[in-house]
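Asks: After the structure tokens below, expect a handful of questions from me.
None of the figures in this text is laboratory data; all of them are computed from the coordinates on show. In this text, all values refer to a predicted model and were calculated from it rather than measured experimentally. Positions of Cβ are backbone-derived with ideal geometry, glycine not excepted, and every protein chain shown enters the neighbour counts.
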Amino acid sequence: MHPLRSLILAAAGNDVIRRLVATAPVSRDVVRRFVAGETTADAIEVTKSLVDKGLTVTLDYLGEDTTDTGLAEQTVQAYLELLDGLHRDGLAKSAEVSVKLSAVGQALDEGLALENAARICAKAQECGTTVTLDMEDHTTTDSTLRVLAELRATYPWAGAVLQAYLRRTEDDCARLATDGSRVRLCKGAYAEPATVAFPDTHDVDRSYVRCANTLLRGDGYPMFATHDPRLVEIVHARAEALDRKPGSFEFQMLYGIRPDEQLRLAGLGHTVRVYVPYGVQWYGYLMRRLAERPANTAFFLRALVSRK
Ligand SMILES: Cc1cc2nc3c(=O)[nH]c(=O)nc-3n(C[C@H](O)[C@H](O)[C@H](O)COP(=O)(O)OP(=O)(O)OC[C@H]3O[C@@H](n4cnc5c(N)ncnc54)[C@H](O)[C@@H]3O)c2cc1C
């Protein structure tokens with residue numbers, strides 16, 4: 001792992017640094033570049049502004065790895081309130097939600113996570129939108145796909161994420177590329193052992209292309225989550241070659257990352273979905289984004305030392 005990346009990820013777990021960053025006056029502006037804010041109202045306001053620009057949205061209430069049933073319940077309530085808000089403001093057609101099963105009790109009991117995810121799906125259906133299950137580290141992949149299968153029996157639109165860095169993912173793509181199946185393909189964001197994941201980034205990219213081909217050839221609805229210009233171009237070309245029309249697949253990017261590219265793709269007639277995180281637990285998410293790209297860190301450090 002790059003030394004800067006390790007350093008930032010170590011800072012992510014350090015309480016002194018966490019307090020320093022959270023209370024620094026400029027943090028608010030820097031955080032706001034990547035995170036919609038802390039409240040449901042903040043999330044809805046950012047959603048409105050993106051939808052007004054012709055983009056679609058998936059919202060993530062920040063938090064993960066809950067081993068406390070009270071916190072899991074709090075997360076469910078946050079999603080229910082958000083979905084009601086999206087419906088009330090006429091945004092449910094353009095905005096869905098992304099849920100981490102670890103935030104709704106997966107580490108405590110898979111059955112509890114399923115029950116909680118099903119409550120969020122029921123509300124999403126009532127409001128006229130959808131849910132995508134985020135994918136976390138490889139020890140949770142089988143459990144998450146089992147929960148997905150259960151959810152899809154009642155909510156066939158429930159989506160999942162597959163990570164191209166995992167050696168198993170090409171097979172998972174083939175299994176999930178069925179009628180109506182919504183699959184987000186990303187590179188993968190966790191530190192994984194070489195026994196289960198490709199350590200070389202070129203192999204990850206090659207896997208991404210193979211998986212993209214499988215999804216585009218199948219009958220499902222693929223969602224290509226990447227900021228990588230080469231992969232965006234390849235997906236675009238493969239979709240054309242396979243006669244996949246805009247609207248039969250989509251591109252996804254994170255809030256605050258390559259916003260001009262998001263608008264360019266939308267201008268070409270593609271559905272572009274922006275992943276918008278919000279909530280009080282923004283610190284870990286922000287640190288992961290900074291660790292991914294040194295330029296983001298430089299921007300953040302400059303802002304921290306700047307008086308303006
Ligand atoms: C919508 C969405 C949902 C996701 N959900 C999950 C999930 O459920 N589970 C999971 O493990 N991971 C998830 N991820 C994260 C993902 O796995 C990657 O860690 C993350 O997207 C970085 O990979 P990348 O494909 O963008 O390419 P990278 O390899 O990070 O970057 C490739 C190239 O993209 C360009 N680029 C990247 N960042 C920037 C930037 N800030 N500014 C300008 N250019 C840039 C650069 O040219 C760079 O060389 C998600 C990502 C997205 C976009």
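Asks: For the range 44-166, what does the convex hull of the Cα positions come to per residue, in cubic angstrom?
Replies: Cα convex hull per residue, to the nearest whole number: 103 Å³.
Asks: In nanometres, what is the gap between the two model label sites at Ala41 and Ala295, each 7 Å from Cα along Cα-to-Cβ?
Replies: 3.5
Asks: Give me D for the chain in µm² s⁻¹, whole number, from Stokes-Einstein with Rh from the Kirkwood sum over alpha-carbon pairs, 4 °C and 1.567 mPa s.
Replies: Using the Kirkwood radius from Cα pairs, D works out to 65 µm²/s.
Asks: Moving to a separate point now. Percent antiparallel among DSSP beta bridges with both residues in the chain, to the nearest 5?
Replies: Bridges in the chain that DSSP calls antiparallel: roughly 5 percent.
Asks: 222 nm [θ] for the chain, helices only, -39500 (n - 2.57) per DSSP H run of 4+, per residue, to 500?
Replies: Calculated mean residue ellipticity at 222 nm is -16500 deg cm²/dmol.
Asks: Give me the percent relative contact order of the chain, please, defined on Cα pairs under 8 angstrom at least 6 residues apart.
Replies: 24
Asks: Based on the Cβ-Cβ distance of Arg28 and Arg217, what FRET efficiency does E = 1/(1 + (r/R0)^6) give at R0 = 41 Å, to the nearest 0.05?
Replies: 0.35
Asks: Pull out a ≥ b ≥ c, the square roots of the eigenvalues of the alpha-carbon gyration tensor of the range 104-186, then state rounded if a/c is under 1.5, prolate if not and a/b is larger than b/c, and oblate in the remaining case.
Replies: Judged from the Cα gyration tensor, the range 104-186 comes out oblate (a/c at least 1.5, b/c at or above a/b).
Asks: In a Gaussian network model over the chain where Cα atoms closer than 10 Å are linked, find which of Ala149, Ala36, Ala160 has the largest mean-square fluctuation.
Replies: Its mean-square fluctuation being the largest, the pick is Ala149.
Asks: Where does the range 169-308 land on Rg(C-alpha)/(2.2 N^0.38 Å)?
Replies: Rg over 2.2 N^0.38 Å, computed on Cα atoms: 1.16.
Asks: I'd like the FRET efficiency for Ala174 and Ala237, computed as 1/(1 + (r/R0)^6) with the beta carbon distance as r and R0 of 25 Å, rounded to 0.05.
Replies: 0.70
Asks: Add +1 for every Lys or Arg and -1 for every Asp or Glu among the other residues with Cβ under 15 Å from the Cβ of Asp203, and state the total.
Replies: +1
Asks: Right, another one. Suppose the chain between Asp137 and His202 were pulled fully straight at 0.36 nm per residue; how much longer would it get relative to their current alpha carbon spacing?
Replies: Gain on stretching Asp137 to His202: 21.4 nm.
Asks: On to the next question. Taking the Cα centre as origin and putting +1 on Lys and Arg beta-carbons and -1 on Asp and Glu beta-carbons, what dipole magnitude results for the range 136-197, to the nearest 20 debye?
Replies: The calculated dipole for the range 136-197 is roughly 140 debye.
Asks: Can you find, among Ala78, Val196, Leu254, the residue sitting farthest towards the positive end of the charge dipole of the chain, where Lys and Arg contribute +1 and Asp and Glu -1 at Cβ?
Replies: Value: Leu254.
Asks: Using a 10 Å cut-off on Cβ atoms, rank the peptides 241-248, 140-147 from the highest mean neighbour count down.
Replies: 140-147, 241-248
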